[in-house]
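Chemist: Structure provided below as structure tokens; questions to follow.
Every number here is computed from the coordinates shown, using simple stated rules; none is lab data. Everything numeric in this text was worked out from a predicted model, so none of it was measured. For neighbour counting, all protein chains shown are included, and Cβ atoms are generated from backbone atoms with ideal geometry for every residue, glycine included.
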Amino acid sequence: MKIELQGVEKDFRIGGRTLPILRGIDLLIPEQSVVALVGPSGSGKTTLLGLMAGLDSPSRGRVLLGTTDITAATEEARALLRARHVGFVFQTFHLLPSLTARENVQVPLELHPDAPAGRSGGVRRRAEELLDRVGLGDRVDHYPAQLSGGERQRVALARAFSARPAILFADEPTGNLDRATGAGIVKLLEELNRETKTTLVLVTHDMELASRAARVYRMVDGTVRPDVAAATAGGGRGEG
Amino acid sequence: MRGSFEVSLALREARTGARRIGVFMLAIALGVGALTGLHAFQADAAAGARSEARALLGGDVRVQAGNAFGPGLEAVIDSIEASGIPVSRSISLGSMVSAVDGSGARLLQLIGVDPLYPHGSEPRATPEDAWDRLGGGGVIAADRTTLQQLEVEVGDSLRVGTLVLPVSGAVSGLPIDPGIQTIVGPPVFLALSDLEAAGLLTEGSLAQYRASLLVPENQNPLDVARHLQERIGELDEDYARLSVRTAQEEAEALAEGFQALSRFLGLSAFIALLLGGVGVAGAIQLYVEERLPGIAVLRCLGARQSTIFRSYLLQAALLGAGGAVVGVVFGVLLQWGLPALLASVLPFRFDPGFRPLSMVLGLTVGIGVTVLFALFPLLRVREVPPLAALRIDVEGASGRSRSARLLVGGALAVGVLLLAIFQTGGILEGAALTGGLVLVLLVLRGIAALLMWGVRGVLTDSVPFAIRQGVSGLFRPGNQTAVMLTALGFGAFLISSLFVVSSGLRDWLSVELSEDAPALFLFDVQSDQRDGVEALLARFGAPSDLFPVVPARLESIEGVGVEALALEGEIPGWTLRRVYRNTWSGELQSGDRITEGEWWDADHGEDRDQGAAPSSAGPVRISLEADLARQLRVGLGSRVVWDVQGRSVESVITSLREVDWTRFQPNFFAVFEPGSLEGAPASWIGLAPLVEEEARVALQQELVREFPNVSFLDLSAIRETVLRVSGQVTRLLGGMALVAVAGGFLVVAATLLSGRFRRRRESAILRTLGSSGGTLRVILAVEYLALGGLGGAAGVGLGALGGAAVLRFAFELPVTVPLWSLLGIWGVLVLLTLSVGWTSGGPVIRSTPRAVLGSAEG
């Protein structure tokens, strides 16, 4: 599923003043491509990701997921769209602390509009397979508090891919992890992405991670520019 | 340094605290208000009782008897008077007073006085000589309202017994016997000699003969009273209800007059304070939840656990002090409002005064309760690791604080125990109350555990996601089921127990006087007037049977004298020594039911008054009321000897009866078989079923004219008095219940709000993952419905039991459970829980999840 931004702008009002965060962004992320958004802190990366994922609305401009204009959609409609098509990986994992690893992975499957009501045997199996796939087959009944940072992010990965999303947003997926663990997570992310042919949008300031994407966009002062150097250095992968 | 940091931190944060949870401090304010107001009210009442008692006794010591003083007692009193102690005499008597033509007849309290009366107070009179003229006799005086009700003015005449006396004026500022006034009506004064001449001091007239002593300053009234009692003890004279009382004893008796009311108010204040405490705990919990990230940062910056804990404890105390100050203001309003609210219930009048002690007490208890109840949620502050500032999922080390929890739990229990003892005025009562509360908490905790264990089992994968998610929120890690269910249940328990108690008291007060109840109660009919009165009643279409009343006292039971029995202490002294008003009858009174033995043969009933002779020459047969029989420890076949005005009458119990005392009709403890009391001095009483007002007034006029000594009560007037009194108490009870309900709902709201933070973050993640608003609503609804429904039901159920126990054992009243009202309380609790649950998800459902996640991480 492609992502398209047309003249997107985002302002925040702080203390009576309007602060422009994003200015006139036009961007097309093709279906099944792997794209990285890089830039310094405060450049608007996470804000842009929020807009693309429908977690927030732009002040001006349009955001389209596939052919759906989510700018005009209600929060309910956007939630439905997320449940059906979008997956997330966060820097701080955002696992539900009161659910076990398996239950966390099950959530998107159960929220999916096409989830079969009252028959969750398949859902359970799928969650366990995914956890097995990320190397946590023996930790399915553990709670987040009982897992290490790397393990939590692997649960988050399993959760992100569980409902076979068309688009996956990863916000600093290795930001909270050490280098070795981070590398393992990236490897897993790439594998899963290849298997599911998901459009992957990576937000990071880790240039090494960014270089693994087919296209790299750099955010500067609320605008987006193609970062040719980074893309060339990494060689690029996953271009659909 | 550190000390000042704690204080400055506390002061800085308390501002935020007041904004965030200040409204919940209203719960403690309500408790403090009830405590302060009640304490001050009781202090006012005690002071009032002291000054009122002397006026009421008409002196420092009063001798009173139900019959005229004999020569022996007169000699004793004369000797005391000769020793320099002034004595005034009076006789008080309930009797009919009417205009000369018999109109406006009312049963009033006639007081015959001598020129010395009253010692203790200064009467005010209009015209000024109205009171002084009484001494010379030939006039009558009453307060202005009474004169207006009788529709007479100064100079008009009133009919009292066989006399017609002109009204000398209106008087006020005289002691009034509240007990008599409630039933009989206000006093009317006349000279002692006039009262004696009015022909009203007949057999069974219920007159009180009194001598009031004004003890000089250099003598102790108690010594004088003791001396009097000794001298009277040596006399060989028989008196009904003889008493020697000092003003101090009278003051204590007056204070006892509203003991049940005091007790209920004390219980209400205790419950209001407890609710306040639980409310504080919930509010502090809510506050601490919000502050946790900040606390973690402080820990990172090097603040010690104990520093932060003390600072937050200080904040709690500051917030508590704020609540307590508001509470003291409530309390003063209550103190000033109660006497007006309860004007017809209070046994005497008194004015509210400035009571600094009550205010200090309220402030101290308010702050103390706040700190005590804040300790538990504040333990959380000690458990925050500095790492939590960096990683939100880090859990505090709760294991280490187990001993702290035990310590805090112990302190809380001791604090509540002390408060309970203070409020109930007894160690045993306080301990029982605290024990009961602990039991309730344990039961609620048990129910919570059962719920968590139970729902785990029934939750299969086939249950729809939202419902499963909601239900499993009840037992998952970090759930608040135990805390919420216990706090919610406890709030519900306190609300409903107080509600049950107040509604039980209300039921007890609302004496059922149905419309078709008899309208006229006649008494003091002499035996020779009986036929005439019955004929008069028949003429007015109100045929009525009169019942004979024969006063008697117990002499011995199974051959053992009552004094010996009283010494043994197994039978309550008053049941042995009181005067019983017995009757004889051939027929079982309607409403009575034989529970054991048999009623005597109907053939005796043919001539019930003059009666056939007793069945044999042996003891006469009697039927005794079953409860009295239990108290006297007698049964069928027991032999009881009665002292019927100096004559011994031996009886044997042949039946026990259950008497419906609530029926408005003459009821008797002991019914003798016909003929057995023949010749004993009897007076007659009866009820006239006369509802039409016109006929009732005409009959009253006729009665006063033809039988001036016969007294009657117009029950329609009594009904109004009873309704007024019970109305005031009902309003008070309703008010206290309302305070509890308001406090309880504040508690529930605070508890629920404190739990919603976690839910809000979870909801935000679910929202990000694509959960619809509907799904979120169902999840929250299911969880909060389970908590509210079960916690509320458990609390209301336990509250009904607790309230019933208090009614039964503390007030010794019949238990009624206001089922619909309790259901209503439950329903409101469930709705409240549900709405708080829903609003907690509201921001997530309405706003973008991005914003919520951002603020949750903030």
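Chemist: Rounded, prolate or oblate: which fits the range A:134-214, taking a ≥ b ≥ c as square roots of the Cα gyration tensor eigenvalues, rounded meaning a/c under 1.5, else prolate when a/b beats b/c?
Modeler: It comes out oblate by the Cα gyration axes.
Chemist: Here's another thing I want to ask about it. State, to one decimal in nm, how far the label point of B:E694 lies from the label point of A:T196, with both points 7 Å from Cα in the Cβ direction.
Modeler: Distance between the two pseudo-spin positions: 9.6 nm.
Chemist: Continuing with this model, one more query. Over the Cα atoms of chain A, compute the convex hull volume and normalise it per residue, giving Å³.
Modeler: On the way: hull volume 31.4 nm³, N = 240.
Hull volume normalised by residue count: 131 Å³.
Chemist: Please compute the contact order of the range A:3-234 in relative form: average sequence separation of alpha-carbon pairs under 8 Å and at least six residues apart, divided by the residue count, as a percent. Mind showing how you got there, number by number?
Modeler: On the way: 438 pairs, mean separation 64.0, N = 232.
The normalised contact order for the range A:3-234 reaches 28 percent.
Chemist: Setting aside same-chain residues fewer than 8 positions from A:K187, which lysines have a Cα under 28 Å from its Cα?
Modeler: Correct list for A:K187: A:K2, A:K45, A:K197.
Chemist: Modelled label-to-label distance, A:L28 and B:L628, 7 Å Cα→beta-carbon offset: nm?
Modeler: Label at A:L28, label at B:L628, 10.7 nm between them.
Chemist: With Kirkwood's inverse mean 1/r over C-alpha pairs for Rh, give me the Rg to Rh ratio of the range B:425-581, two decimals please.
Modeler: 1.33
Chemist: How shielded is A:47-59 by partner chains, expressed as the average number of their Cβ atoms within 10 Å of its Cβ atoms?
Modeler: Rounded to a whole number, the mean comes out at 3.
Chemist: Determine the gain in length on full extension of the stretch B:A340-B:E598; use 0.36 nm per residue of separation and subtract their C-alpha separation, reporting nm with one decimal.
Modeler: 87.6 nm
Chemist: I'd like the distance separating the alpha-carbon centroids of the range B:527-559 and the range A:128-189, in whole Å.
Modeler: Centre-to-centre distance over Cα atoms comes out at 97 Å.
Chemist: Under the definition of partner shielding as Cβ atoms of other protein chains within 10 Å of a residue Cβ, what is the mean value for peptide A:78-89?
Modeler: For this peptide, the per-residue mean of nearby foreign Cβ atoms is 4.
Chemist: The range B:36-66 to the range A:44-88: how many Å between their Cα centroids?
Modeler: Each part's Cα centre sits 79 Å from the other's.
Chemist: From other protein chains only, count the Cβ atoms within 10 Å of every residue's Cβ in B:760-769, then give the mean.
Modeler: Working: counts 0, 3, 5, 1, 1, 10, 6, 6, 10, 18.
Across B:760-769, the average partner-chain Cβ count within 10 Å equals 6.
Chemist: Given a Förster distance of 56 angstrom, what is the FRET efficiency for B:A449 paired with B:E252, based on the Cβ-Cβ distance and rounded to 0.05?
Modeler: Details: r = 49 Å, r/R0 = 0.88.
Efficiency for this residue pair is about 0.70.
Chemist: Taking 22 Å as R0, compute the FRET efficiency from the Cβ-Cβ separation of B:V652 and B:R241 and round it to 0.05.
Modeler: According to the calculation, E is roughly 0.20.
Chemist: So for the range B:54-256: antiparallel DSSP bridges make up what percent, rounded to the nearest 5?
Modeler: 80 percent
Chemist: If each residue's Cβ is checked for other Cβ atoms within 10 Å, how do B:S268, A:S57, B:S79, B:S243 rank with the fewest at the top?
Modeler: B:S79, B:S243, A:S57, B:S268
Chemist: Taking the beta-carbon count within 10 Å as an exposure proxy, list B:L787, B:L451 from fewest neighbours to most. Walk me through the numbers before you get to the answer.
Modeler: Working: B:L787 28, B:L451 21.
Ranked by crowding around the Cβ, least crowded first: B:L451, B:L787.
Chemist: Quick check on the exposure proxy: order A:T67, B:T424 from fewest to most C-beta atoms within 10 angstrom.
Modeler: Taking fewest neighbouring Cβ atoms as first place, the list is A:T67, B:T424.
Chemist: Using 7 Å Cα-to-Cβ label points, what is the B:S79/B:A413 separation (nm, one decimal)?
Modeler: Between B:S79 and B:A413, the label points sit 6.2 nm apart.
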